[in-house]
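The values are calculated or read from the model by the stated rules, or taken from the named source; none is laboratory data. This one's a predicted model, so the numbers in the text were calculated from it and none came from an experiment. Quick reminder, even Gly has a Cβ in these numbers, built from the backbone with ideal geometry, and neighbours come from all protein chains shown.
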Amino acid sequence: MKEILQTIIENLVDNSEAVEIKQTDEPSSVLLEVKVAEGDMGKVIGKQGKTAKSIRTVMKAVAAREHKKVNVEFID
């Protein structure tokens with residue numbers, strides 16, 4: 001799951017080396033914390049949060065295939 005999210009985020013930002021994703025696994029859920037460069041945060045979140053919402057939707061679909069719940073958080 002982390003690899004899929006990393007691919008999506010790296011293709012959105014200018015500074016792909018600054019992308020950090022921390023994955024915390026629990027029995028029935030996964031927490032993914034995303035950190036990007038300060039100037040790229042707006043690209044990841046998008047206008048009115050639409051890009052972030054779309055990323056979360058895709059990740060929920062991926063998690064559903066593994067019978068888990070996922071939470072994607074964007075950290076400043």
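Quick notes
- Annotation note: Cβ proximity below 6 Å between a residue of segment 15-42 that is under 22 Å from residue 70 (Cβ atoms) and among the hydroxyl-bearing types (Ser, Thr, Tyr) and a residue that is assigned to a strand (DSSP E or B) and modelled with pLDDT of 95 or more (sequence gap 6+ or interchain) occurs for 24/31; 29/69.
- Screening segment 16-33 for residues that are farther than 12 Å from residue 1 by Cα and touching a helix residue (DSSP H, G or I) at 6+ places or on another chain (Cβ under 6 Å) and picking the one that is modelled with the lowest pLDDT gives 16.
- Checking residue 1 against (1) at pLDDT 95 or above; (2) surrounded by 11 or more Cβ atoms within 10 Å (Cβ to Cβ), the condition it does not meet: (1)
- Among the conditions (1) surrounded by 14 or more Cβ atoms within 10 Å (Cβ to Cβ); (2) on the phi > 0 side of the Ramachandran plot, the only one that residue 40 does not satisfy is (2).
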